[in-house]
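Below is one structure, written out as structure tokens; comments come after it.
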Amino acid sequence: KWYASRSEEQKEKDRKRKREHYASLSEEQKEKQREYDKKREASLDLDQRRNRKIGYMYSSARRRAKDKELPFNLIKQDVADAWPKDDYCPALRIPLKVRPGNKIPTNNSPNLDRIIPRLGYVKGNIAVVSRLANQIMTSARPSEVIKVGRWFDEKYYEVKDKLNV
């Protein structure tokens, strides 16, 4: 609550001070800080990791909206509300995995998706899906995804039958 009550100017000063402090550290000190952060992240339970991921997705979306000049009117709770209650990707039905301390995304990593990209990050136009589903949907319209899916489904079984796999 305290941090949220601060002005954007104060928050920017805080971020600048943190960046300067980190830049002043030696490589050994930076490595110690990374190790500490890894251990701390690994100690978090699933709900804590999920909440951290929601905050990260929110701030990343806000930055992307600003960079791409897209509408943005979300609050963190909107992202939390878009998170599937069963922790499964609603598009592919694979489990969403928020791994501790690992910054390398996997196909199961949760991503914030704009349903209609040109509308931006606005309430009602977002969904939390797996990285794999988001990659599939990134450059195609729904009808194109369905066409490719049908073609691939036919080819898959055709090859499977031909090769007796």
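The values are calculated or read from the model by the stated rules, or taken from the named source; none is laboratory data. In this text the structure is predicted, and so the values were computed from the model without any measurement. Every residue, glycine among them, receives a Cβ derived from its backbone with ideal geometry; neighbour counts consider all protein chains shown. Accessible surface areas use protein heavy atoms only, side chains included; no ligands, DNA or RNA. Shrake-Rupley method; radii C 1.70, N 1.55, O 1.52, S 1.80 Å.
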For a 26 Å ceiling on Cα separation, which of these pairs sit above it: Lys38/Lys123; Lys16/Lys38; Lys85/Lys147; Lys13/Lys97; Lys76/Lys103? Lys38/Lys123; Lys85/Lys147; Lys13/Lys97
Can you work out the accessible area per residue across segment 1-139, with the rest of the protein chains kept in place, probe 1.4 Å, in square angstrom? 72
Can you tell me how segment 26-165 classifies by the Cα gyration tensor, rounded, prolate or oblate, using a/c under 1.5 as the rounded cut? oblate
Roughly what angle does helix 142-162 make with the longest principal axis of the chain, taking Cα atoms, 0 to 90 degrees, to the nearest 10? 60
Helix 8-24 versus the longest principal axis of the chain: what is the Cα-based angle in degrees, 0 to 90, to the nearest 10? 90
Charge dipole of the chain built from unit charges on the beta carbon (Lys, Arg +1; Asp, Glu -1), centred at mean Cα; most positive-end Cα among Val98, Gln135, Met57 is Met57
Can you tell me how much longer the chain between His21 and Val145 gets when fully stretched, taken as 0.36 nm per residue apart minus their C-alpha distance, in nm with one decimal? 39.9 nm
FRET E, pair Asp45, Lys66, Förster distance 41 Å, beta-carbon r, rounded to 0.05: 0.80
In debye to the nearest 20, how big a dipole does segment 14-71 give about its Cα centre with +1 on each Lys and Arg Cβ and -1 on each Asp and Glu Cβ? 300
If every Lys and Arg gets +1 and every Asp and Glu gets -1 at its Cβ, then about the Cα centre the chain yields a dipole, in debye to the nearest 20, of 420
Defining a contact as two alpha carbons under 8 Å apart and six or more residues distant in sequence, what relative contact order in percent does segment 73-134 show? 39
With DNA, RNA and ligands ignored, accessible area of Ser24 (1.4 Å probe; Å², nearest 10): 90
Using a 1.4 angstrom probe and counting only protein chains, how large is the accessible area of Arg131 in Å², to 10? 70
So if I take the centroid of the Cα atoms in segment 1-79 and the same for segment 96-164, what is the distance between those two points in Å? 26
Any idea how far apart Glu8 and Tyr156 come out in nm if each label point goes 7 Å out from Cα toward Cβ? 4.6
With at most 10 neighbouring Cβ atoms within 10 Å, loop chymotrypsin sites (Phe, Trp or Tyr not before Pro) (DSSP) excluded, longest segment of the chain: 4-165
I need the calculated FRET efficiency for the pair Ile116 and Asp87, taking r as the beta carbon distance and R₀ as 30 Å, to the nearest 0.05. 0.75
So what is the relative contact order of the chain, in percent, for Cα pairs below 8 Å that sit 6 or more residues apart? 18
Segment Gln77-Lys103, extension gain: residue separation times 0.36 nm, minus the distance between their alpha carbons: 7.1 nm
Let me know the charge dipole size of segment 1-99 about its Cα centre in debye, to the nearest 20, where only the beta-carbon of Lys, Arg (+1) and Asp, Glu (-1) is charged. 80
